[in-house]
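The structure appears right after this line, and notes come after that.
Please treat every number below as a calculation from the coordinates, not as lab data. Remember, it's a predicted structure, so these values are computed and weren't measured experimentally. In this analysis, Cβ positions are derived from the backbone assuming ideal geometry, glycine residues included, and neighbour counts consider all displayed protein chains.
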Amino acid sequence: MKPKIGKSGAEPAVGVIGGSGIYDMEGVEELQEVEIDTPYGPPSDVIRVGRLGGLRVAFLPRHGRGHRILPTEVNSRANICALKSLGVRWILSLSAVGSLKEEIVPGRDIVIPDQLIDRTRHRPSTFFGDGVVAHVAFADPFCGRLSNMLADASSAQKLNTHRGGTYVVMEGPQFSTKAESNLHRSWGASVIGMTALPEAKLAREAEICYAICALPTDYDCWREGHDAVTADMVVQTLLKNAGNAKKIARSVILALAKHPGESCPCHSALSNAIVTAPDLIPKKTRARLAFLLDKYFQPAGRQKPKKGK
C-alpha cells in the first residue's frame, strides 16, 4: 500500500521536476512512493520521496513515467500543490529546450535562464480566482539564489554554462515553424521549450523558490544546414545530458542541505499580493486555497463570527 499524504510537517524539502529516472541519483536514501490527491486532481505521477545529505527530496516526472502527458496536459497546479504539501521550499526543474543561439551548442551546453516569454494559450496559470484575487510580482521569474547555485554546480562540473538568458515557452506539442523560430531569435531569446510555464508562475504563488537547468537538445529549426528537429533527436540528446543534469541537481541539493532553514523573498511572495478581504472569500475557495492562505489568514472554517450574527 502506497502512503497517502496530505499536509506535511514543517520539515523543509527540495523538489526535482524532470524525467522519469531523476530519482536514481547517487546517494539518495529511504526512497518511497507517495500518492497525493489535491484540489486540482492528481499530479503527473506518484512522487518519490527520499533523502540526500539529510535533506528530504521529492522527485516528480513532469510527463509521467513513460512520457505519457503532453506539455499542454501537464496538471501543473496539481504538481505544485502536491510538492507544497510535502514541505517543498525549492524546486529544481530539469528541462529539454531548443537553442536559439549559435553559441549555445546542443548536447554540450547548459543554460540557466533568468527570464521568460509566455507564448502558451491553453494552460491554467494561477491558483487564484473563484472569488479571491492575488497579484504576485513576477518581474524576475526565477529565484536568483537558486539559479546561481545551479550555474555554480554546472561550472564546477567543467560544463559550458550560460548564466542568464530568456526562455520562450511555446504551447506545442508541435515544434516551431521557421518563421516563429526566427521571430524568437529576433527578440534575443536564448532557448525555447514547452514546460517552464505555468510551473514558474505557480511556484511563485506557492512561495517556492524555482529555477531551471535547461538542457539544449537541438537548434530548433532556424539554423541552415541543421537537421529539422525531431522527437527522436530530442530524446537521444536528452539521454546524453541526463547524467550531467543529475550531477548538477545532486550538487545543489547537497548545498541546500547545509542550510535548510534559510529564507528567501520567494518564500513570502504572497505577503503583499492578496487583495481580496478575507471575509469576502467564498468558503469553497477558502478551503481549496488553505495550503496558501492559512499562513496569512485564520485557517478555513475558524473565522471569528461577525457581531450580531
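Annotations for the structure displayed:
- Between the residues 179, 214, 116, the greatest Cα displacement towards the positive end of the dipole of the chain, with unit charges on the Cβ of Lys, Arg, Asp and Glu, is found for 116.
- Relative contact order (percent, whole number), the chain, Cα cutoff 8 Å, 6+ residue spacing: 22
- For the chain, a Gaussian network of Cα nodes joined below 10 Å ranks 263, 76, 125 by mean-square fluctuation, and the top entry is 263.
- When the range 13-293 is described by a simple charge dipole with +1 on each Lys and Arg Cβ and -1 on each Asp and Glu Cβ, the residue from 76, 252, 34 located farthest towards its positive end is 34.
- Rounded to the nearest 20, the size of the Cβ-charge dipole of the range 59-213 about its Cα centre is 300 debye, with Lys and Arg at +1 and Asp and Glu at -1.
- Annotation: peptides 208-217, 58-67, ranked by per-residue average of other Cβ atoms within 10 Å with the highest first, follow the order 208-217, 58-67.
- A straight line joining the Cα centroids of the range 86-148 and the range 253-298 runs 19 Å.
- For the range 76-215, the residue among 198, 104, 132 whose Cα projects farthest onto the positive side of the dipole built from Cβ charges is 104.
- The gain in end-to-end length when the residue 68 to residue 284 segment is fully stretched comes to 74.6 nm, 0.36 nm per residue minus the alpha carbon separation.
- Between the helical axis of 144-156 and the longest alpha-carbon principal axis of the chain there is an angle of about 30 degrees.
- Nearest-ten-degree value, helix 231-258 long axis tilted from longest Cα axis of the chain: 50
- Antiparallel DSSP beta bridges within the chain, as percent of all bridges there, nearest 5: 30
- Total charge dipole magnitude, the range 1-122, about the Cα centre, Cβ charges on Lys, Arg, Asp, Glu only, Debye to nearest 20: 400
- The magnitude of the dipole of the chain, with charges of +1 and -1 set on the Cβ of Lys/Arg and Asp/Glu and taken from the Cα centre, is near 1360 debye.
- Electrostatic tally near residue 145: other residues with Cβ closer than 15 Å to its Cβ, Lys and Arg +1, Asp and Glu -1, net -1.
- Potential lengthening between residue 32 and residue 186 on full extension [0.36 nm per residue; Cα-Cα distance subtracted]: 50.8 nm
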